[in-house]
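All remarks here apply to the structure that follows.
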Amino acid sequence: MPTPLVRAALPATVSLESGEGQLPRLIVANALARAEIYLHGAHVTAWQPQGHEPVLWMSRKSAWDATKPIRGGVPICFPWFGPHATDKTAPGHGFARLLDWTLVEARDDERGATHLTFELTPPAPPPAAWPHTVAATYHVTVGSSLVLALDVRNPGTDASSFEEALHTYFAVRDVRAIEISGLAGTDYLDKVGGTSQRNQGAEPIRFTAETDRVYLNTQAACTIHDPGTRRRIVVRKSRSNATVVWNPWVDKARAMPDFGDDEWPEMVCVETGNVNLHAVRLAPGASHTMTATIDVVAVP
Ligand code: TA6
């Protein structure tokens, strides 16, 4: 399936095929793990390290359409998070997940992990909602860990600021039975029923209702403890000051056309980001790289 969106020679561990909705999809299969990545949004939709169940969750109702976001996996939210501050016609979570990215490099390293580099084809001309030029590159490493690094450079002559999030959907047996540790004592914006500021206190996060929180001033690693799958999923990060935690629960799940009514217990989002008061400001020529590293640990 030739496509202008692949400008790299593919190693034997990487193949290109027509995926859901005939969208171009890369399959990575090396000795350490298997993954799927769509060029639409440079969207990782699957990652399964050897010896483990799939780690990322995908909705069975996801749209597979070049004009819509994919529901599940790792959407890239950029250059704004959530609704645009002023432009109500602008797409939620920005344009990066709606645009094509080009694969510019693919190689295996000596440990057997596969490195892929994607470049965003920026909107031309820049949208009024974000009137800046941008060079965004996304590095994906598929191995025993999944490493995701979003590198943003300002090639313009004016300073620009942006929000970003790797909006990762994790597969869990039952969200009502999991706990998330790593955010004790951290302030957060609670976005359920209007926005209010709260503090996590000493307890891990547990889920008993719709949860939509932006944890602030945190560089901490988070761990999802899932007794159902007998595993821990650890999300470490760098150059990220915010962590978003989300589960839509019953009503929000019903309200989303690309999310199954009964799917909400199967997933939790733990998102690595710089959002809200942590928006990144870039001087002309400057760049910023945010990284998330995901590991799975089986619990005996
Ligand atoms: O990250 C949590 C959140 O911002 C929620 O408010 C919810 O809207 C979710 O993202 C999904 O957003 P989407 O635009 O993908 O439907």
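The values are calculated or read from the model by the stated rules, or taken from the named source; none is laboratory data. Because the structure is a prediction, the values reported are computed rather than measured. Note that each Cβ is placed from the backbone with ideal geometry, even for glycine, and that neighbours are counted across all protein chains shown.
The requirement of being within 16 Å of the ligand (Cβ to nearest atom), under 18 Å from the mean Cα position of the chain (by Cα) and among the polar types (S, T, N, Q) is fulfilled nowhere in segment 189-206; no residue meets it. For F118, the criteria (1) within 15 Å of the ligand (Cβ to nearest atom); (2) closer than 16 Å to L166 by Cα hold in every case but one, which is (1).
Find the strands (runs of 3 or more DSSP E) located wholly in segment 141-247 whose residues include 2 or more that are polar (S, T, N, Q), and list them. Give the derivation first.
Details: elements: 146-153, 160-162, 164-166, 169-171, 179-181, 187-190, 196-199, 211-215, 222-226, 231-238, 242-247.
Hits in segment 141-247: 160-162, 196-199, 242-247.
For segment 87-116, residues that are in a strand (DSSP E or B), surrounded by fewer than 20 Cβ atoms within 10 Å (Cβ to Cβ) and either touching a helix residue (DSSP H, G or I) at 6+ places or on another chain (Cβ under 6 Å) or touching a residue at least 60 places away in the same chain (Cβ under 8 Å) (or both) total 6. Considering each residue of segment 270-287 in turn, none proves to be without any contact (Cβ under 8 Å) to a residue 40 or more places away in the chain and more than 17 Å from P75 (Cβ to Cβ). Taken as a whole, the structure places S15 among residues that are free of Cβ contacts under 8 Å to residues at least 24 places away in the same chain and either in a strand (DSSP E or B) or not aliphatic (A, V, I, L, M) (or both). None of V244, V250 is modelled with pLDDT of 95 or more, within 16 Å of the ligand (Cβ to nearest atom) and surrounded by 19 or more Cβ atoms within 10 Å (Cβ to Cβ) except V244.
Here P126 clears all of (1) surrounded by fewer than 19 Cβ atoms within 10 Å (Cβ to Cβ); (2) assigned to a strand (DSSP E or B); (3) without any contact (Cβ under 8 Å) to a residue 40 or more places away in the chain except the condition numbered (2). For the structure I just gave you, tell me whether G182 is of a type outside the set (D, E), surrounded by fewer than 20 Cβ atoms within 10 Å (Cβ to Cβ) and away from the ligand (no atom under 16 Å from the Cβ). Considered against the rule, which asks whether it is of a type outside the set (D, E), surrounded by fewer than 20 Cβ atoms within 10 Å (Cβ to Cβ) and away from the ligand (no atom under 16 Å from the Cβ), G182 comes out as no.
Within segment 29-60, restricting attention to residues that are more than 18 Å from the chain's Cα centre (by Cα) and assigned to a strand (DSSP E or B), the residue that is surrounded by the most Cβ atoms within 10 Å (Cβ to Cβ) is A33.
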